[in-house]
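Here is the structure we will look at.
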Amino acid sequence: MREIQKEVGEWHREKFGETTYGLLWAIISKIEEECGELSDVQCLSAIQDTSKELPMEAADVAIALMAFCDRSGIDLEAAIRAKMRVNWCREWTQNDKGEWVREKE
C-alpha cells in the first residue's frame, strides 16, 4: 500500500502542484464527493448491474484519501494497521436498524 500511496502522491503533485492548506481542504472535499458517488452507485446496484462502476468509484475514494494522506505525511498503511488493532479489541452489536455499532467503552 505504501508504494501505491507514493505513486498517487507523485501523480497528485505533478497535476495539482505543491501542498497548501487550501489544497488539503479541497482534497477532503473531493473525498466527500467521491464517497457520495460510491454511495449512489451502491444504491443503484439494487436495480441494475454496477459491477463495472462500483470498483471505479471505490478506487476514486481510495485515490483521494491516499493523496490527502501522502500530502499530510500520513502513512496510511501504518494508520490502518494501528486502527485495526484497536478495532479487533472492540465489541460490536447490531442495532434495530441492522447497523453494526461498537459497544460503548
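Tabulated data for the structure shown
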{"read-out": "Cross-link reach list, aspartates and glutamates versus Lys15, counting only Cα pairs under 16 Å and skipping chain neighbours closer than eight places", "value": "Glu7, Asp60, Asp70"}
{"read-out": "Size of charge dipole - the range 2-75 - debye, nearest 20, with Cβ of Lys, Arg +1 and Asp, Glu -1, no other charges", "value": "220"}
{"read-out": "Dipole-positive endmost among Ile74, Ile27, Val61 within the chain (Cβ charges, Cα centre)", "value": "Ile74"}
{"read-out": "Subset of Lys6/Lys104; Lys6/Lys97; Lys52/Lys104; Lys30/Lys83 violating a 29 Å alpha-carbon distance limit", "value": "Lys6/Lys104; Lys6/Lys97; Lys52/Lys104"}
{"read-out": "Inter-site label distance for Trp100 and Val86 at 7 Å from Cα along Cβ, in nm", "value": "1.8"}
{"read-out": "The range 1-95: trypsin sites (Lys or Arg not before Pro) falling in loop per DSSP and having at most 13 other Cβ within 10 Å", "value": "Lys52, Arg90"}
{"read-out": "Degrees, to the nearest 10: 21-44 long Cα axis against longest axis of the chain", "value": "40"}
{"read-out": "Paramagnetic reach from Ala79 in the range 46-67 [backbone N under 11 Å; point 7 Å along Cα→Cβ]", "value": "65-67"}
{"read-out": "Spherically averaged projected area in nm², based on the convex hull that wraps the Cα atoms of the range 53-105", "value": "5.5"}
{"read-out": "Average projection area in nm² (convex hull over Cα atoms of the range 1-91, one quarter of hull surface)", "value": "7.4"}
{"read-out": "Net +/- balance of residues flanking Glu10 in space, Cβ distance below 15 Å, scoring K and R +1, D and E -1", "value": "0"}
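Taken together, the values in this text are just the output of simple stated rules run on the coordinates, not laboratory data. Fair warning: this is a prediction, and the values are worked out from it, not measured in the lab. Counting neighbours? That spans all protein chains shown, and the Cβs are built from the backbone with ideal geometry, glycine included.
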